[in-house]
Amino acid sequence: MNQLLNSTTLRGTAAAVGLSVALMAGPALAADMPGEGVEVIPLKSSIAEETFQTMLVMKALEELGYDVQDIKELEYAAGHVAIANGDGTFMADHWDPLHSDFFQEAGGEEKIYREGVYSPGALQGYLIDKKTAEEHDITNLGQLQDPEIAALFDNDDDGKADLTGCTPGWGCEQVIEHQLDAFDLRDTVTHNQGSYSAIIADTITRYEQGESILYYTWTPYWVSGVLVPGEDVVWLNVPSSALPPPREDVDTSLPDGSNYGFQANDQRIIANREWAEANPAAAELFSIMKISANDISAQNLKMRDGEDSEEDIERHTEAWISAHQDTWNGWLEEARAAAE
């Protein structure tokens, strides 16, 4: 009888302990996984090299328990609208101020959460090969008003310079189109648009064949790892600051006095505001994650050199996390604390 009572008592005690452990584990699990069961829809543009930055955010959200879906591609204007409407959760490559019009037109701060800087100091502008620049003393885009200077960059024999330009829908094309008018370059410069990856590949081939080249690009991006500014190519200044409305009064000069025609940009993570406010762990994460332009460019160059599959990019992402594990863990701890 005593044995039966002792056995029953032990079983009851064990069950009680088990229940207590389970009850204690529940809050601990919730604290570690504040996003459990919450769906996330990542958005990005058609620029394949943005996958790396996007995947870093996705990996962090997964560690917080969020149910992260596959990336959906939308160009920037449509992506901002989708974020504002809740049809997408976040986009890791909002360029501020280049995309400020897209941001405002989609509803601005009322609809879109935008805190912190993901990657600072991105540059954009026009470059030419260093050899032609030095031989003809070309330092400024405005010099292409001269038909003889413009003809140096003519690769289709129409007498006009061929500018490797910006893909429609990215935002940069609006600035270039405005500046061609502002600097009286319509008669001497052709803005070639289309798939940027295809036209910049052709530009690099022409450079390797010894031809003069004129192109638009941005940093961080792999192009400046192949055509290195100061070694292979040079940035061109512009005659004056000239942005399309409503930013026509903005000074695009850089701190060193250079003026490439574009403001220096910060890449920022944007998210649906209602979703961010309901998910403080994710909102905190979006505001504190940071990655250097050099790290982005290095990864992008690997893609250019053939490591461009989804598996490759995931491997690059995991390698970055491993190399910055303490920083990574710190972000997750801060995000979890924000949810408490």
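Quick note: the coordinates plus some simple rules give every number you see, no bench work behind them. A quick note: this is a predicted structure, and the numbers were derived from the prediction, not measured. Because the Cβ atoms are built from the backbone with ideal geometry, glycine has one as well, and the counts that use them run over all protein chains shown.
Let me check I've understood the local charge: for residue 303, count other residues with C-beta under 9 angstrom from its C-beta, Lys and Arg +1, Asp and Glu -1. What total comes out?
-3
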So for segment 122-235, averaging the separation of alpha carbon pairs under 8 Å that are six or more residues apart and normalising by length, what relative contact order in percent results? 41
So how far apart, in nm, are the two label points at residue 173 and residue 59 if each is 7 Å from Cα heading toward Cβ? 3.3
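Kindly put 101, 251 in sequence by how many other C-beta atoms sit within 10 Å of each C-beta, fewest to most.
Result, fewest neighbours first: 251, 101.
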Residue separation between residue 315 and residue 277 times 0.36 nm, minus their alpha-carbon distance, gives in nm 10.5 nm
Express in whole angstrom the spacing between the alpha-carbon centres of segment 177-192 and segment 224-247. 15
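If I take R0 = 41 Å and measure r between the Cβ atoms of residue 85 and residue 228 in this structure, what FRET efficiency does the formula 1/(1 + (r/R0)^6) give, to the nearest 0.05?
On the way: r = 42 Å, r/R0 = 1.02.
With R0 = 41 Å, the Cβ-Cβ based efficiency is 0.45.
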Normalised by the residues of segment 182-297, what does the relative contact order come to in percent, with Cα pairs under 8 Å and at least six apart? 20
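Can you give the net charge of the other residues whose Cβ lies under 10 Å from the Cβ of residue 88, counting K and R as +1 and D and E as -1? If you can, show how the numbers build up before the last one.
Values: positive: 44, 72; negative: 87.
Every neighbour counted, the sum reads +1.
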If each residue of separation counts as 0.36 nm, what is the full-extension length gain between residue 205 and residue 130 once their alpha-carbon separation is subtracted? 25.4 nm
With the dipole of the chain defined by +1 on each Lys or Arg Cβ and -1 on each Asp or Glu Cβ, the option from 217, 335, 183 whose Cα lies farthest towards the positive pole is 335
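Among 57, 81, 68, 228, what is the fewest-to-most ranking by other Cβ atoms within 10 Å? Mind dumping the intermediate values first?
Details: 57 25, 81 18, 68 22, 228 11.
Result, fewest neighbours first: 228, 81, 68, 57.
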Straight-line reach from residue 131: which aspartates and glutamates have a Cα under 19 Å away, not including same-chain ones fewer than 8 places off? 146, 148, 154, 162, 202, 208, 211, 231, 232
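Given R₀ = 51 Å, what would the calculated FRET efficiency be for residue 340 paired with residue 248, taking r from the Cβ atoms and rounding to 0.05?
Details: r = 47 Å, r/R0 = 0.91.
Between residue 340 and residue 248 the formula returns 0.65.
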Please work out the Cα center distance from segment 42-107 to segment 279-340, rounded to the nearest Å. 15
Could you list 167, 51 so that the one with the fewest beta carbons within 10 Å of its beta carbon is first and the one with the most is last? 167, 51
In a GNM of the chain with a 10 Å cut-off on Cα contacts, which of 232, 157, 312 has the highest mean-square fluctuation? 157
For the chain, what's the relative contact order in percent, using C-alpha pairs closer than 8 Å and at least 6 residues apart? 24
So which of 44/130; 44/290; 59/302; 44/160 end up more than 23 Å apart, counting from Cα to Cα? 44/130; 44/160
Which listed residue (145, 245, 128) has the Cα farthest towards the positive end of the charge dipole for the chain, taking +1 on Lys and Arg C-beta and -1 on Asp and Glu C-beta about the Cα centre? 245
